[in-house]
Amino acid sequence: MTTSHGGAADQGSHRPAADVDVLVVGAGITGIYQLHRAREAGFTVALLEAGAGVGGTWYWNRYPGARFDSESYTYGYLFSRELFDEWEWREHFAAQPETERYLNHVVDRFDLRRHIRLGARVTSAAFDEPAAMWTVVGADGTELRARHVVAATGVLSVPYVPDVPGRGDFRGESYHTGRWPATPVDFAGKRVAVIGTGSSGVQIVPAIADDVASLTVYQRTPNWCTPLNNAPISPAEQAQLRAGFDAMCEVLNTSVHGFLHPAHDRTAFDDPADERRAFFEKMWQSPGFSKLTSNYTDLLFDHDANAEWCRFIAEKVRGIVEDPDTAEKLIPKDHRFGEKRPPFVAGYYEAFNRPRVSLVDLQESPIVRITERGIETAGGVRDVDVIVWATGFDFGTGALLRMGIRGRDGLALEAHWADGPTTFLGIQTAGFPNLFFPGGPHAAAGNNPRYNGDQVDFVTDTLVYVRDHGYDTIEVDPAAEARWTDMVNRNVALSSFTERSYYYGTNIPGKPRRYLLNSGGRPKLFKEIARVVETDYSPFRLARSSDGGDRRHR
Ligand code: NAP
């Protein structure tokens, strides 16, 4: 790994030299972009990545069936027209291998690999106050001193496996979707259990259903799944994408959720029943998230409108799944569409028509324990060879709270966030100078790379501002942090998600129940960034160590 790139941040100062100006943690889509932007801005850079390859989510989640549910070309980078032109996505919703290849291509194309150290999981990051820099230690023995740390560690990067009694007793193979092994898992002729029916579980089920001897799906809560409607990108569409690049960027860079789909202009009961049904059919046939973003404008606010759409989906499920009892179990009864993050599927409901695939309803028959040979529920024991845990992630704060982050006066991030995260712009937290976490908690729901990219752009501009003004530290003022966090908490009411959604952390035992997204979305982010710039970074405390190490605020 090369850490020197001719940066000048420490030149002409008597402060101790850092190994790098900017240390990025995490080589996912956000971290790769941050590395590129920071280096382009003239900083010396390094990136530490826990995995043995780059890609973040698209490195770890290599389970069969893993794929985008945002359109490929809207998820990829937009900062380079040349990159966009030369990379041909093969499908509207690319599968994991293609995305992993794309991210490797980006790393090589922009000559970023020499700054990346793989297999270096960060175990501690401590702010050295007199030196005004971070000491970051990796599990592989790496130790780096960095002026700034940007933790691009993701919101869905720490897998959660429930503490089911006997879990350690199981003698077969077990895997979590979010830590899928690099060597493909051989399912042929095996009896397989999939536990969990969120976006990951419903992707893997149809992908392996033909290979297995038997597949038992353990479902605690059904989700409102609708078709992804993926397709290859035809040569004509490839040409259209290229011709429409600027217009597409305009939409993606300004839309609230970072999707291309245009909003509808009607409410559900503007249309008579037959037209509403025809419209729902159109939605059912439409790609990915358009069922949410281009549906009737009152879908998430009017319970009757939502109920109409849910009834339509339920009818579809009953029409696809041949066994009426199974179909009923697959239809959600406890939440409306959009109250949880909706999964998008290809052949999920159809999979239950195969004789070898069956559903266990855990509300009816809860898991009692894992045995050496299988899974015992209140309804009996099933022996299996493989257990797939599709049981989700410690969302939002999981990775940041496991990095041993220590700020001023040794303040532990875990202590600072004991009651849930407090942030400014979802980027910085008070007491942790020169630490940024774009793509962390308090980000918006939607097409993640777009919002995270906005945050990376702002972090980069901020780093340049700090350097060009000769400051050594930047730290958000507690009042600004409180203001942003209050805004996040106040705007919870704007969110359609229920407290049973993992966006509140409620899937993790003992985790404080706090809304972990920013319902204000990009408009709030853009507005606040504009204010930061207009007020010459007034929400931040900026200081020079050459001022005797005091915390002068300009
Ligand atoms: P998830 O949505 O949190 O789903 C976890 C599943 O595990 C739920 O069905 C949950 O049931 C179940 N579960 C948890 N603890 C359990 C227990 N003790 N016993 C039985 N079941 C248990 O996780 P995910 O499916 O990995 O998806 C997480 C997020 O990753 C998605 O929402 C999405 O943002 C992203 N993702 C995206 C894609 C894509 O298409 N691009 C694919 C996969 C994931 P309950 O609902 O009852 O808690």
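Here's how it looks for A443: its modeled amide H is under 5 Å from those of N518, which are all 5 or more places away or on a different chain. Computed from backbone phi with θ = phi - 60° and the Karplus coefficients 6.51, -1.76 and 1.60, the 3J(HN,Hα) list for segment 191-200 is 8, 10, 10, 10, 9, x, 10, x, 4, 6 Hz; x is used for glycine and proline. Along segment 65-70 the Karplus relation, 6.51 cos²θ - 1.76 cosθ + 1.60 evaluated at θ = phi - 60°, assigns HN-Hα couplings of x, 5, 7, 4, 10, 9 Hz to successive residues, with x for each Gly and Pro. Within the chain, antiparallel bridges make up roughly 40 percent of the DSSP beta bridges whose residues both belong there. The mean of 1/r over all pairs of different alpha-carbon atoms in the chain, once inverted, gives a Kirkwood hydrodynamic radius of 24.7 Å. Max-minus-min Cα coordinates of segment 16-142 on each principal axis give 52, 31, 21 Å, with the largest extent listed first.
When each of the peptides 372-382, 61-71, 497-507 is scored by the mean number of other C-beta atoms lying within 10 Å of its residues, the order from highest to lowest reads 61-71, 497-507, 372-382. Electrostatic tally near D265: other residues with Cβ closer than 12 Å to its Cβ, Lys and Arg +1, Asp and Glu -1, net -2. For the chain, the 222 nm mean residue ellipticity estimated from helices alone, with every DSSP H stretch of n ≥ 4 adding -39500 (n - 2.57) and the total spread over all residues, rounds to -8500 deg cm²/dmol. Given R₀ = 35 Å, FRET efficiency for S358-E281 by Cβ-Cβ distance, to 0.05? Efficiency at R0 = 35 Å is approximately 0.75. Angle of helix 96-109 to the longest C-alpha principal axis of the chain, folded into 0 to 90 degrees and rounded to 10: 20°.
Remark: segment 25-142 carries a charge dipole of roughly 240 debye about the Cα centre, counting +1 on each Lys and Arg Cβ and -1 on each Asp and Glu Cβ. Here segment 411-435 is scanned for amide nitrogen atoms under 17 Å from the site 7 Å beyond the Cα of D486 along Cα-to-Cβ, giving 422-426, 430.
For segment 292-428, with equal point scatterers placed on the C-alpha atoms only and solvent neglected, what are the log10 I(q)/I(0) values from the Debye formula at q = 0.15 1/Å, to two decimals? The calculated log intensity ratios at q = 0.15 Å⁻¹ are -1.00. Each other residue within a Cβ distance under 13 Å of P97 adds +1 if Lys or Arg and -1 if Asp or Glu, for a net charge of +1. Length gained on full extension, V533 to R220, computed as 0.36 nm times the residue gap minus the Cα-Cα distance: 107.9 nm. Ordered from longest to shortest, the equivalent ellipsoid semi-axes for segment 67-209 are 32, 27, 13 Å, each the square root of 5 times a Cα gyration tensor eigenvalue. Residues whose amide H falls under 5 Å from that of V24, counting only those 5 or more places apart or on a different chain, are A46, L47, L48, V150, with hydrogens built in the peptide plane. Nearest 10 degrees is fine. How inclined is helix 245-254 to the longest principal axis of the chain, computing both from alpha carbons? Between helix and principal axis, roughly 80 degrees. Under 5 Å between amide hydrogens, built in the peptide plane, is the criterion, and for T123 it picks out V137, G138, A139 among residues at least 5 positions away or on other chains.
Only the coordinates and a few stated rules stand behind these numbers; no lab work does. The structure displayed is predicted, hence computed values, not measured ones. Please note: Cβ atoms are built from the backbone with ideal geometry, for glycine as well, and neighbour counts cover all protein chains shown.
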